[in-house]
1. Taking the criterion of being modelled with pLDDT under 90 and in contact with a helix residue (DSSP H, G or I) (Cβ under 7 Å, 6 or more places away or on another chain), would at least one residue in the range 215-226 satisfy it?
2. Taking the range 285-302 on its own, how many of its residues are outside any loop (DSSP other than H, G, I, E, B) and under 19 Å from residue 246 (Cβ atoms)?
3. Give the residues of the range 44-61 that are in contact with a helix residue (DSSP H, G or I) (Cβ under 7 Å, 6 or more places away or on another chain) and surrounded by 15 or more Cβ atoms within 10 Å (Cβ to Cβ), sorted by residue number.
4. Which condition does residue 237 not pass, out of (1) in contact with a strand residue (DSSP E or B) (Cβ under 6 Å, 6 or more places away or on another chain); (2) surrounded by fewer than 16 Cβ atoms within 10 Å (Cβ to Cβ); (3) closer than 18 Å to residue 305 by Cα; (4) modelled with pLDDT of 85 or more, if it passes all the others?
5. Six or more apart or on different chains, Cβ under 8 Å: which pairs go from a residue in the range 262-280 that's at positive phi to one that's at pLDDT below 95? Could you list them?
6. Taking the condition of being out of contact with any strand residue (DSSP E or B) (no Cβ under 9 Å at 6 or more places or on another chain), closer than 21 Å to residue 256 by Cβ and surrounded by 13 or more Cβ atoms within 10 Å (Cβ to Cβ), how many residues in the range 286-320 meet it?
7. Say whether the condition of being modelled with pLDDT of 90 or more, in contact with a helix residue (DSSP H, G or I) (Cβ under 8 Å, 6 or more places away or on another chain), farther than 15 Å from residue 146 by Cβ and assigned to a strand (DSSP E or B) is met by at least one residue in the range 195-210.
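The values are calculated or read from the model by the stated rules, or taken from the named source; none is laboratory data. Note that this is a predicted model, so its numbers are computed, not measured. In this analysis, Cβ positions are derived from the backbone assuming ideal geometry, glycine residues included, and neighbour counts consider all displayed protein chains.
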């Protein structure tokens, strides 16, 4: 980390944790002269516009009571967590192609020295992730950059293959899967294609029919209903969680527009999620993870889809 920045973080962190900081502490910690320590304090006051001043009572520099500290809030801690995340991604073979050792080393250099003792003590458990298949990434990204179509052979969820000409607009990772939001010329509408289901692809020189697809269409897709398999007809799904599972999912956010409520029915405490949904498959799959303590209440069609799934599983496996 840049030594200047590290000193500023140190000053801020020491004031937050101990109430004040002295020039002597800064000089000793970083082996700098008094003028350097004074300049750092002045920079916090003048360049960052934070209300730092010398307190005769505390015999050190501190913040005024009304100082907005959001600018530097938890930056060191966030850096440590981000470094741990990237390190875990690098260890995962499905993410390794997009993260290099050099990137990791540069991030490590941005972790404040006193926080490096936490290395190896913060972990991210990534349960599932598809291989990004860099040749497909390259083709999609070049298509996006050049506004040229891709011709693909695509296998759907039922295993049926079809040939399509697509205009890729956005590639993203969601719930362990890589997907490409595109305009499909065959369907004449916007569609999502799972990257791993593209079995063949070929770059073309065919230009997009629309040079600049409206950004709001892409944004709406990324922010609308639950799951990668999104659609236009949005319903509100209501899910009940019972104890003890309710305690485990209470702080989870399955969708940005999720509403979480606490109910009591017949003396039982219930945690309720209300979530926008367009396609049922993914939401039902996630609810089934929490069986038998999760119940889909509405809409009726979604509840029926969930119950039919349970019945089919029962018939299939109880016969064995």
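1. yes
2. 9
3. The initial filter retains those residues of the range 44-61 that are in contact with a helix residue (DSSP H, G or I) (Cβ under 7 Å, 6 or more places away or on another chain), namely 44, 48, 50, 52, 61.
If the condition is that a residue be in contact with a helix residue (DSSP H, G or I) (Cβ under 7 Å, 6 or more places away or on another chain) and surrounded by 15 or more Cβ atoms within 10 Å (Cβ to Cβ), then 44, 50, 52, 61 are the ones that fit.
4. That leaves (2) as the condition not met.
5. So the pair list comes out empty.
6. Residues meeting the conditions: 0.
7. yes
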